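Novice: Dropping a structure here in structure tokens format, bear with me for questions.
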């Protein structure tokens, strides 16, 4: 077993480091709380050494590739967004670079942007790499990446051709803790799948009748009428927002007939999205685990970072 | 000029008291910060006396009628909601009562609820009274009441037949101060009417493409692309949410051709909603000032609180 790549999935709140072998398997893995908004003393270099300084010391010639917010304006090195369409070759051809104190280079994947004439632009950093850990070069699919800012990414013939962001996770967090709805719910309750499905139905339907701004208030009125218990209310709200996301993406043509829908998230959230798609009359499949690591490996290979390989 | 009624518009954050004459004109007006969630020492009675104790002392026989959250579970006396349809006679026939320490009665208007089979219920308290200050008994109109929780109230032949609440104002507050969007905006900036209109367009259109959860993120990406300045971003966000409200209400059939749209709000917010309706291809008209006082007068008259009158 030969180590081949140090792969870093470096976001806002966490730094995940993977030591990958020559067939892209994870040899070792680190998970540090050192996201770019939460760096230790010593900043980016200290966070990097804490996560994988020992790997670098043991094999100083290993290439190093990072993706995520580490390439943003607030990151270690700002890498301009790659405009859509973005395929593997395109991403591999415009890596950013950070010179490390041992003289080696840390490469950084650009994000991807979309700025179509007359429309609102959109951006991602990190998700494009996860996408390339989940789809092959000839694939057609829509990749759903649930999260604070969920992404729906359209891939055609292996290239990212368009995508959209939804503030689902952040809205859930704010509404369940800071809004008047917080009073109606016990957020420590176990997940309630029936309430979640009811929420999804309201969220998907809400899109054609009054919309999500109205149905958010429904969380309160259902509670006032005793039809939603405090323990079920947070699952209902979660379903409502995921339903609004699925409904919106559907209206925008992101789920058209025949499109494979691949969900990339942790097992629990992936399960919820599969369920929500099912309620909406759609069908999703889970993506592979460690998609970021797999995507970093493929981009590194395409960029020729493995030398003779 | 004879005083005829003490009318109280008593909500969550404020208590507005009106002394009305025998043709419903405002003789005197008080505006206290004693909403039901912000009572002074001594509670409801102390707030009441602070607002209009002198009026009661001067004319102890004047009838007193209140509307708003004062009739809620957390209010001075819980008055059960009147189920839709609710006309003036119906509201006048089920007033709640609070016995005051001088032996007189303070009457309280019920709210209105909607609980159609198979749908999410909805509720209001106070807005029904404002509505009856704006429409006559044979009127057909949709009354729009912008606010923390905006209401769109359908009136047919003078009766409230249906309505919907939108969490527009609360969502604006949370998104502009607590979300990632807060970083992109200077909320102290003057209102920017062009950015507001752009937001309305995105909000109305967003309803048929991805929806508001997506377009909220657009506030961030537009800022990243330098197409939205910090001083314009809060007006854009406001427009986006009002646009999503107008778009949702339109889809739900609340603005169908020929429906008069009457906006009941303070002059500034009414102006914004007129503008938003215009961007959406609709046409609104401002309602009368002091609609709550006028509505309380009409309900009091119908309830026979003026004795021989």
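Nothing in this text is a laboratory measurement; each read-out follows from the coordinates by a stated rule. Because the structure is predicted, anything quoted here is derived from the model rather than measured. Glycine also receives a Cβ, built like all others from the backbone with ideal geometry; neighbour counts cover every protein chain displayed.
Novice: Please give the length that would be gained between residue B:31 and residue B:259 if that part of the chain were fully extended, namely 0.36 nm times their separation in residues minus their C-alpha to C-alpha distance (nm, one decimal).
Specialist: 78.7 nm
Novice: Give me the Å³ per residue figure for the convex hull around the C-alpha atoms of the protein assembly as shown.
Specialist: Details: hull volume 99.6 nm³, N = 618.
Spread over its residues, the Cα hull of the protein assembly as shown gives 161 Å³ apiece.
Novice: Extending each Cα 7 Å along its Cβ direction at residue A:46 and residue B:194, get the distance between those two points in nm, one decimal.
Specialist: 4.6 nm
Novice: Restricting things to alpha carbons, find the Rg to Rh ratio for segment A:226-292 using the Kirkwood radius for Rh.
Specialist: 1.03
Novice: Let me ask something else. Work out the P(r) tail for segment A:196-252: percent of alpha carbon pairs separated by more than 19 Å, whole number.
Specialist: Working: 310 of 1596 pairs.
I get 19 percent for the Cα pairs in segment A:196-252 exceeding 19 Å.
Novice: Quick check on chain A: helices-only [θ] at 222 nm, where DSSP H runs of length 4 and up contribute -39,500 (n - 2.57) each and the sum goes over total residues. Nearest 500, please.
Specialist: -11500 deg cm²/dmol
Novice: Kindly provide the Kirkwood hydrodynamic radius of segment B:166-286 in Å, to one decimal, from all pairs of distinct alpha carbon atoms.
Specialist: 14.3 Å
Novice: By counting other Cβ atoms within 10 Å of each Cβ, how are A:41, A:271 ranked from fewest to most?
Specialist: Ranking A:41, A:271 by Cβ neighbours within 10 Å, fewest first, gives A:41, A:271.
Novice: Per 10 Å bin from zero, what fraction in whole % of the C-alpha pairs of chain B is there, up to the bin with the longest pair?
Specialist: All Cα pairs considered, the percentages come to 6, 26, 30, 23, 12, 3, 0.
Novice: Return the whole-Å distance between the Cα centroid of segment B:191-230 and the Cα centroid of segment B:40-86.
Specialist: With segment B:191-230 and segment B:40-86 each reduced to a Cα centre, they are spaced 42 Å.
Novice: Taking only the C-alpha atoms, wrap a convex hull around segment A:1-151 and report its volume per residue in Å³ as a whole number.
Specialist: Normalising the Cα hull of segment A:1-151 by residue number yields 124 Å³.
Novice: Moving to a separate point now. At 7 angstrom along the Cα-to-beta-carbon line, where would the label on residue A:230 sit relative to the other copies? Give the distances in nm, shortest first.
Specialist: Relative to the other copies, residue A:230 has label-point distances of 4.1 nm.
Novice: Can you tell me what share of the DSSP beta bridges in chain B is antiparallel? A percent to the nearest 5 is fine.
Specialist: On the way: 33 of 48 bridges.
Here the share of antiparallel DSSP bridges comes out near 70 percent.
Novice: Here's another thing I want to ask about it. If the elastic network links every pair of Cα atoms under 10 Å, which of A:181, A:222, A:62 fluctuates the most in the Gaussian network model of chain A?
Specialist: A:222
Novice: Using a Gaussian network model of chain A whose springs link C-alpha atoms within less than 10 Å, name the residue from A:199, A:258, A:287 with the highest mean-square fluctuation.
Specialist: A:258
Novice: For the Cα atoms of chain B, what angle does the longest principal axis make with the long axis of helix B:230-251, in degrees from 0 to 90, nearest 10?
Specialist: 70 degrees
Novice: While we're looking at this one, here's another question. Between copies, how close do the residue A:136 label points come, placed 7 Å along Cα→Cβ, listed in nm from shortest?
Specialist: 7.4
Novice: Along Cα→Cβ at 7 Å, what distances in nm separate the residue A:266 label point from those on the other copies, shortest first?
Specialist: 4.4
Novice: Related question: Applying 1/(1 + (r/R0)^6) with R0 = 35 Å to the Cβ-Cβ distance of residue A:100 and residue A:138, what FRET efficiency is obtained, to the nearest 0.05?
Specialist: The formula returns an efficiency of 0.45 here.
Novice: May I pose another question? Which one, B:223, B:72, B:179, has the greatest fluctuation when you compute a Gaussian network model over chain B with C-alpha springs under 10 angstrom?
Specialist: Looking only at B:223, B:72, B:179, the largest GNM fluctuation is found for B:179.
Novice: To the nearest 10 degrees, how steeply does helix A:43-58 sit against the main Cα axis of chain A, on a 0 to 90 scale?
Specialist: In chain A, helix A:43-58 runs at an angle near 50 degrees to the longest axis.
Novice: Report, to the nearest 10°, how far helix B:212-224 tilts away from the longest principal axis of the Cα atoms in chain B, using its own Cα long axis and a range of 0 to 90°.
Specialist: With rounding to tens, the tilt is 60 degrees.
Novice: Sorting B:67, B:283 on the 10 Å Cβ count, fewest up front, what's the list?
Specialist: On the way: B:67 32, B:283 11.
Starting with the residue having the fewest Cβ neighbours, the order is B:283, B:67.
Novice: Rounded to the nearest 0.05, what FRET efficiency do residue A:148 and residue B:161 give with R0 = 41 Å and r taken as the Cβ-Cβ distance? Could you check?
Specialist: It comes to 0.50.
Novice: Can you give the % of DSSP beta bridges in the protein assembly as shown that are antiparallel, to the nearest 5? Present the calculation step by step, with values, prior to reporting the outcome.
Specialist: Details: 66 of 96 bridges.
Antiparallel bridges: around 70 percent, rounded to the nearest 5.
Novice: Calculate, for residue A:173 and residue B:13, the FRET efficiency according to 1/(1 + (r/R0)^6) with r their C-beta to C-beta distance and R0 22 Å; round to the nearest 0.05.
Specialist: Working: r = 25 Å, r/R0 = 1.14.
So the FRET efficiency works out to roughly 0.30.
Novice: Okay, moving on. In cubic angstrom, how much convex hull volume per residue do the alpha carbon atoms of segment A:91-218 span?
Specialist: Considering the Cα atoms of segment A:91-218, their hull volume per residue is 203 Å³.
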